[in-house]
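What follows is a short report on a single structure.
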Amino acid sequence: MCFYVKWHFGVSLATAHFHFFIRQTLHFLNKSIYLLLDLKPPQVIKDFFKLFFPDNCPGCGQSFLRGEKHVCLQCLYGLHKTQYHNDPENPIAKNFWGKTDFVAVTAVYFFQKGQVLQRLLHQLKYNGCKEIGIMLGRQMAIELFQASAFSNADIIIPVPLHPGKLLQRGYNQSEMIALGIAENWQKEVHTATLKRKKYTQSQTHKARYERFENTESVFELDDVKPYENKHVLLVDDVISTGSTIISCAEAFSGINGCKISMASVAAPHR
Ligand SMILES: [Zn+2]
């Protein structure tokens with residue numbers, strides 16, 4: 001019996017080592033060929049390799065366990081929560097007071113350089129990992145479900161991406177987050193009505209816009225009717241200075257009965 005256990009353990013270990021060796025070798029060969037030819041592997045080759053050798057978690061670098069995809073559960077559940085949604089006087093809200101009218105504002109997780117969330121957001125923004133945005137959105141929906149100032153919203157609107165960036169990236173990362181939230185709460189997502197206003201010289205003279213560092217971040221609505229007497233939740237990936245999301249909120253000011261709340265995945269420690 002003892003011999004069998006030892007033998008079985010030895011064989012399992014050898015098999016695991018063999019699989020690891022094969023996997024590393026194939027990865028090495030795949031990368032080497034393209035490095036030698038100074039080419040990037042085409043998506044079809046990447047997809048083929050992913051099929052047999054799924055990626056590691058972008059947050060921690062560990063191999064995925066069975067059922068895990070895009071982000072491992074340890075990384076997803078280990079993100080540092082702000083609990084700002086339980087505090088109407090949280091640091092972001094205080095920073096926004098007097099700049100725009102809103103019901104509530106929150107960022108669900110703290111953003112720290114070099115930490116898991118920074119790596120996840122980097123994959124979402126620069127490496128085509130849209131699914132990470134959807135997963136983070138679903139997590140936000142769970143965290144904010146009890147906070148009616150957010151979950152009672154009628155419509156979810158992601159902060160629009162600059163058209164140039166949208167063309168380059170192919171998708172708006174905030175839209176992916178909004179879709180994750182909306183899927184969980186069964187809400188509408190509007191992506192076409194809120195637009196970045198074209199920069200004009202005359203705007204620089206308008207006092208209203210002067211407080212924003214970046215005058216390109218000014219938004220307007222194609223149609224105000226859908227937002228009359230509605231509660232809109234604006235969603236972004238990160239709230240840092242807040243100037244972008246405040247500009248979005250300003251686009252809704254003056255609409256009859258319209259209320260605004262704002263939520264992001266992350267904000268830096270204040
Ligand atoms: Zn991980």
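None of the figures in this text is laboratory data; all of them are computed from the coordinates on show. What you are looking at is a predicted structure, and each value in this text was computed from that prediction instead of being measured. Heads up, the Cβs are rebuilt from the backbone with ideal geometry, glycines too, and the neighbour counts pull from every protein chain shown.
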Based on the mean of other beta carbon atoms within 10 Å per residue, what is the order of 187-193, 61-67, 239-245, most packed first?
239-245, 187-193, 61-67
Obtain the nm distance between the two label points defined at Asn95 and Asp154 by a simple spin-label model: each point lies 7 Å from its Cα along the Cα-to-C-beta direction.
3.0
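Which shape class applies to segment 76-268: rounded if a/c is under 1.5, otherwise prolate when a/b exceeds b/c and oblate if not, where a ≥ b ≥ c are the square roots of the Cα gyration tensor eigenvalues?
rounded
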